[in-house]
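Worksheet for the structure shown next.
The values are calculated or read from the model by the stated rules, or taken from the named source; none is laboratory data. Predicted model only: the values in this text are computed from it and were never measured. Heads up, the Cβs are rebuilt from the backbone with ideal geometry, glycines too, and the neighbour counts pull from every protein chain shown. Calculation scope for accessible area: heavy atoms of the full protein, side chains included, ligands and nucleic acids excluded. Shrake-Rupley method; radii C 1.70, N 1.55, O 1.52, S 1.80 Å.
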Amino acid sequence: MGDSPKGKRIIYEVDGGFVMLDLRTHSNTISIGAEISGMKNAPTWFNPLGEGYITGANHFFKQGFGTGGQSGIFDFRKSTNRKSLNYPNEEAWSYDSFMMTGLIAPNGDTLSIGAYEQADFIQRSSVYNRPRRKGLNDSKFGKEEVFFEAGFATENIPLKDEFIKLPDLFIYYGNQPFGAMQNLAWSISEQNQARRDTRTNYFWSSFQDFRTSFSYKYLLEQLQVLDEINPPIPLTTIHVGSGYCIPGDWLNNGEGWPKSMDVVAREIFSRRYRAGIYVAPFVVHEKSRTFRNHPRWLLKDNEDNPIVMDQDVEGKLYALDGNLEDVKDYIEKVFRKFHEIGFTYYEIDRLDWGLQESSDPLKSKKGKSSVQVLRSVMDIIRKAVGAGSFITANRTPYSPLIGYVDAVRIDKDQGWKWEEQTTEHIIEESYNTQYFNNVFWQNDPDVVFLRDYKSDFTLDEQKSIALWVAFMGGSVGISDNFKTMGGDKLQLWRFLEPSTRPQSALLPFWGNNVINKVAVRRYKKVKAWSVLILNDTDSVVTESYLLSDLIGLKEAWVFVWEPGFSLGLGKPTRISVTLGSHESKLYFISETKENPSLDLNISGNDFSEEMDTK
């Protein structure tokens, strides 16, 4: 151990090489760096920080790997059963967190841990316990300890010159969890040149209404309906979802579509919308021409058998091997063609199929990590569609995509009724990943449902989901047929229109012991705030919140707020509310006594002014 230009250095001699750890202090953080030398191959995993004994923290923030999470703040489990001496009653547990992790004390003090650099390896941290017994016959319970480790999936890749420098792990401190996590997220965003300045997406998509039965005829009907709505709805994007072709044959249209998609793109962009298209670049159906004509392109196991990844009602689905140059050329051809004919919005799906660990038993052994392979494909896609195109990624790992995409679906598709595994999970993921919304990209929690068909949501549930999605400040989408939408529903959809520039809601009680979901937005132009309170539980909930905790002022003028309506509640110091299951309430809070404008929308913009400028 000694000093170095990088701080304090510890050198370990291990079998076949050396490991060097560098400990550094910075103005607002500390870091741990690592170098491995003298080895032909990297280990499968390497943890510069290992078996760290946790003290002072009683819960942790776990970031999910990608779309679907699971993310959130969790208590350290107490797994030792002290009521019985039967063996074994202790439960050893371990939870993995990716890209960023938080250790949180009872008073809210937080350490956030993660790496700035995300271009080469998956970063994983683990929180785990080690229960003990002691005495004859294991008759006494020992101390149950909780540990922490953090490192990288180095995947046993070959090392050039028998050397590798791993990304530094940074440790931030904050006095509350949301700020500590977001401060680290901003540093990661800067390092990876995140695309966070794109216009907020306000879009219509075919998928949740038509699924794979959507056709060119239905597209023209929907465009005609939008043409006739006055005043016009200022959508940014019209998106053609899956079903226009057999997966894998993206440039060969199926029944119900013109021979070439250039006609489709022209019909959309001629109306000043972004023309959007669905592509799953790694997905190949067994009935596709690509599957029949290019069997060598398929991802295979070490016995040369194509790996079945999934199946639909028509047959099996396979993955293309992103490590092959012919596959990369094909993917480039697809996206370049779509860009040439006028598509400027892309939903790219199943990117998790493009992240295959080099240490897995695959026929195509790579000299690169799985992250490097996926990012090489993303680099091809981004160059093919141009810097000005908007990309939404779906069913994807998170960290490799920072800097390539404009929005990411944070969870599975919304269902047609309120269920724990769909709606509740989407809201929970939206809440727990809000710290990186408009930091890495726009979070996309899937479309809202305002329709009266193919929906079992109550009116309160529809309104709650719609307000929550728009209030968070990420992408806002819908799949409903505007022809069947009544006046009240259309007014609500207009109310949800986002700002041109990304604006994120704040979560004043993130990590605190409150039941409802509470979010706050600031409207500087009108010297006001809005507060959305959502009860996503199955019970009636009554809670009270100090205005000082919500907006930083002891008192202000409070109004119940709905599209085109407001009701004054005076100038209280707190808001008390009782909400039924899945019910929400929106408040407008002002420094002045003025009600919100009848034309003010949820982003703080005046609708009539917006129409004058479009």
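Quick check on my filter: what residues within region 212-228 are touching a residue at least 24 places away in the same chain (Cβ under 8 Å) and charged (D, E, K, R)?
Scanning region 212-228 gives K217, E221, D227.
Which of the strands (runs of 3 or more DSSP E) found entirely inside region 490-580 contain at least 2 residues meeting this: among the hydroxyl-bearing types (S, T, Y) and at negative phi?
Correct list: 541-546, 574-579.
Of everything in region 203-217, what is modelled with pLDDT of 95 or more and surrounded by fewer than 16 Cβ atoms within 10 Å (Cβ to Cβ)? Give them in sequence order.
K217, the sole residue that qualifies.
Have a look at V541, V531, V526 and point out the one that is surrounded by fewer than 21 Cβ atoms within 10 Å (Cβ to Cβ) and under 29 Å from the mean Cα position of the chain (by Cα).
Values: V531 fails: surrounded by fewer than 21 Cβ atoms within 10 Å (Cβ to Cβ); V526 fails: under 29 Å from the mean Cα position of the chain (by Cα).
It is V541.
Suppose we keep only residues that are open to solvent by less than 20 Å² (accessible area, probe 1.4 Å) and assigned to a loop (DSSP other than H, G, I, E, B) within region 458-474. Which one would you say is farthest from I238 (Cα to Cα)?
Checking each candidate, the answer is G473.
May I ask you to say which residue of G322, G342 is at positive phi and not in a helix (DSSP H, G or I)?
Details: G322 fails: at positive phi.
After applying the criteria, what remains is G342.
Looking for whichever is hydroxyl-bearing (S, T, Y) and within 30 Å of G386 (Cα to Cα) here; the options are Y435, Y453, Y431. Which one fits? Explain how you work it out, then say what you get.
Numbers: Y453 fails: within 30 Å of G386 (Cα to Cα); Y431 fails: within 30 Å of G386 (Cα to Cα).
Matching residue, one of Y435, Y453, Y431: Y435.
Against the conditions (1) within 18 Å of Y116 (Cβ to Cβ); (2) open to solvent by less than 30 Å² (accessible area, probe 1.4 Å); (3) not in a strand (DSSP E or B), where does S31 fall short? Just the number, please.
Single failed check for S31: (3).
Go through region 399-414 and report how many residues are in contact with a strand residue (DSSP E or B) (Cβ under 8 Å, 6 or more places away or on another chain), of a type outside the set (S, T, N, Q) and either part of a helix (DSSP H, G or I) or more than 12 Å from I381 (Cβ to Cβ) (or both).
Total meeting the criteria: 7.
Answer with yes or no whether G477 is modelled with pLDDT of 95 or more, in a loop (DSSP other than H, G, I, E, B) and among the small types (G, A, S).
no
When the residues of region 580-614 are narrowed to those that are among the aliphatic types (A, V, I, L, M) and open to solvent by less than 50 Å² (accessible area, probe 1.4 Å), which ends up modelled with the lowest pLDDT?
M611
Examine region 396-417 for a residue that is among the acidic types (D, E), crowded, with 24+ Cβ neighbours inside 10 Å and under 25 Å from F74 (Cα atoms), and state whether such a residue exists.
Yes - at least one qualifying residue is present in region 396-417.
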